[in-house]
Structures are given as structure tokens and as C-alpha cells.
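Notes follow once the structure below has been shown.
The values are calculated or read from the model by the stated rules, or taken from the named source; none is laboratory data. Source: prediction; values computed, not measured. Cβ coordinates were reconstructed from backbone atoms using ideal geometry, including for glycine residues, and neighbour counts include every protein chain displayed. In case anyone asks, the SASA skips ligands and DNA or RNA and just uses the protein heavy atoms, side chains included. Shrake-Rupley method; radii C 1.70, N 1.55, O 1.52, S 1.80 Å.
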Amino acid sequence: MADERNFRSSYYEKVGFRSVEEKRSLEILLKERPFDKTKLRQFCYRFTVPAIYRNFLWKILLDVIPVYVDSHEFIMNQRKAEFKDLQKALKVTKILDDYMKPHLMFLTMWLLRTRRAKLDITAQLEIPLHRAMSRIAETLWHIVDIDCYEEKLVDTYWILCGLLDQVQKFHKEVSKLQECACTLLEKEDPELYKHLIKIEALHNIPYDVWFCSCFAGTISDGSIAKIWDKIVVGANKILIFATVVTLTTLRRLLLRCESLDGVLDTISNITEESSEVIVNKAIESWQQSGSALSTIS
């Protein structure tokens, strides 16, 4: 039986259906009552979450809903009520109108809920950190796949709250993340490293935007969720590998650049095909390095 399973797993992986086995493993974990968060976190560390279960699993891991299934309906009703209260508060204060885009509404609601909102919300949303967070909100709006518009609003908002809480936790480590990324790049690709130093581009790449947005708006929406599967469980170290792999994947184009402007233009136009390559390589490199380490050493 073991040989048969190994053969089947190997076959699935070769023909691109590795997710079949992963989906079965996750379905087994989701049959447990109550859910075992430790096992679910380990699943996220080791595998890509099947898209069909992503919203649900993220809600569990980000504490949007509890591990007790019987409580889900009650908790989500409370979440909906709080969502409407925040929405109403923004309308009464005339911060929110019918023309505000959903992702900006979500971010403004998060600022209000976490008591970070200031009188001049418009100016506050232009702060670099909040602009990066806005990219997360906009990408998440496209990732969350729910037919019911109202349910999509509520789920997206609460998942976003969890993701932004994760960003808040490592925001102060951004300079350390950047330092680790540069060190790793020098080790992995000395030629590219020296070239980026020579044209004064290495330290002017928008690392803070990449890290604080968790690569939203840089890597395509169709691929970014695989990285966020790891961010959801606090594995911010993967952002270092995503940075290095992004640069090495684009190395041929970057080596042709003779100025910072050329580099910025190149990294601002990453195709969907390149995004998928970057994400898969980043996850592989991260896991090989010891993916259990979520903090920077």
C-alpha cells in the first residue's frame, strides 16, 4: 500500500495534479471536531491550500471563525453586524459614499476598528504603509471567490483584518527583511548582486512596498494567494525568498538595465507566467531553508 501511495503521489506531481493528494489530506483535517489549528497550520506550511477551501481555512487560521463548527453561524452573524455598524459610522461621518472603492472602504473600516483613524482619512490613506495595505485589500477583493456580494464584502473585510494584523506584527522588521534579502541575493547570484550595486539600484528597490503589501500588485492575483497561505500562519520569512527569486527570475532583463529607472520599470511589469514561476520557486526555496522559522534570525 505504501509503495502504491508513493507511486500515485509521484505520478500526480509529475502530471501537475499534486493538489489532488493535498486536497484529500485537508479534507481529512476538516472532518475533525473541533478543528485542530496546529495541524491546519502545518498543512499551510507544507502545502498550497486548494482554492476551494482557501476562504474557509484562512478564516479559521485568522480567528475570524472559531474551531467549533456549531458556533460559526452565530459568530458570522456577529461579524456581519459589526461590519454594518462600521459601515454606518463611516456613512454618518460622510467618510464613506457610494463612489468609494471596496478596498479603500475595507482599509478605512480597519483603521476605525483598530482606533488608528484620524480626522483626515484621505491623507492617512496616502501614508506609505497604508498605501501598501491598500494593495493587499484590492488584491484580496479579487481573490475571495463568493457569489453573494454581501457575503463577499463581509468575508473579505474580516480576512483582510487578519492579514493586516500580520503585517503590523512584522512591519518594524522590514529593514531586517531587506538586509536578509540582499545578503541572500549576494549568495545566490553574485553577478546580479554586483550589477545592481554598480547601477545603484539594489538599495533603491521598493522593498518596503513589497514586504508591507506582501507582494500584492507586484505578483499577479492568480499566484499571490500561494504566498499568502504562508503569511496567514505568520511565516513572514517567505517574503525574503519571494524578493530574491523575483530578482533572479528577472535577471536577464535586470542585467540589461543601466539605471534604477530601468530596474523599477522591469519589476513593475511582471507577467502572470513569471509570477507563477516566482511564487513556486520562492516557496520551494523557503521550505528548503527550514520553513518552520517564521521570524528573522
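Structural remarks
- Angstrom value of the Kirkwood radius, inverse mean 1/r, which spans all Cα pairs in the chain: 20.6 Å
- For region 32-80, chymotrypsin sites (Phe, Trp or Tyr not before Pro) meeting the loop criterion (DSSP other than H, G, I, E, B) and having at most 13 other Cβ atoms within 10 Å: Tyr68.
- Kirkwood Rh and Cα Rg combined as Rg/Rh, region 86-158: 0.95
- Accessible area of region 87-185 belonging to carbon and sulfur atoms, whole % at 1.4 Å probe: 50 percent
- Spatial extent of region 207-257: Rg and Dmax, with the Cα atoms as the point set, Å: 11.6, 38
- With the convex hull of its Cα atoms as the shape, region 130-233 has an orientation-averaged projected area of 7.3 nm².
- Qualifying aspartates and glutamates (Cα of each under 20 Å from Cα of Lys237; at least 8 residues distant if same chain): Asp165, Glu173, Glu179, Glu186, Glu188, Asp189, Asp208, Asp229, Glu276, Glu284
- Size of electric dipole in region 25-168: Cβ of Lys, Arg +1 and of Asp, Glu -1, about Cα centre, debye, nearest 20: 400 debye
- Under 12 Å of direct C-alpha separation, and excluding same-chain neighbours fewer than eight residues apart, Lys198 reaches these aspartates and glutamates: Glu258.
- Tensor-based shape of region 213-297 (alpha-carbon gyration tensor, a/c under 1.5 rounded, otherwise prolate or oblate): prolate
- Hz values of 3J(HN,Hα) by residue in region 79-89 - Karplus curve (6.51, -1.76, 1.60), Gly and Pro given as x: 5, 5, 5, 5, 4, 5, 5, 5, 4, 5, 4
- Here the Debye sum runs over all C-alpha atoms of region 163-217 as equal scatterers in vacuum, and log10 of I(q)/I(0) at q = 0.12 Å⁻¹ comes out as -0.32.
- Comparing Leu61, Ile219, Phe74 along the charge dipole axis of the chain, the residue lying farthest to the positive side is Phe74, per the Cβ-charge model.
- Listed pairs Lys37/Lys169; Lys94/Lys152; Lys88/Lys176; Lys84/Lys172 exceeding 29 Å between Cα atoms: Lys88/Lys176; Lys84/Lys172
- In the context of the full set of protein chains, region 74-224 has a per residue accessible area of 53 Å² (1.4 Å probe).
- Element breakdown for region 196-264 at a 1.4 angstrom probe: carbon and sulfur atoms account for 51% of the accessible area.
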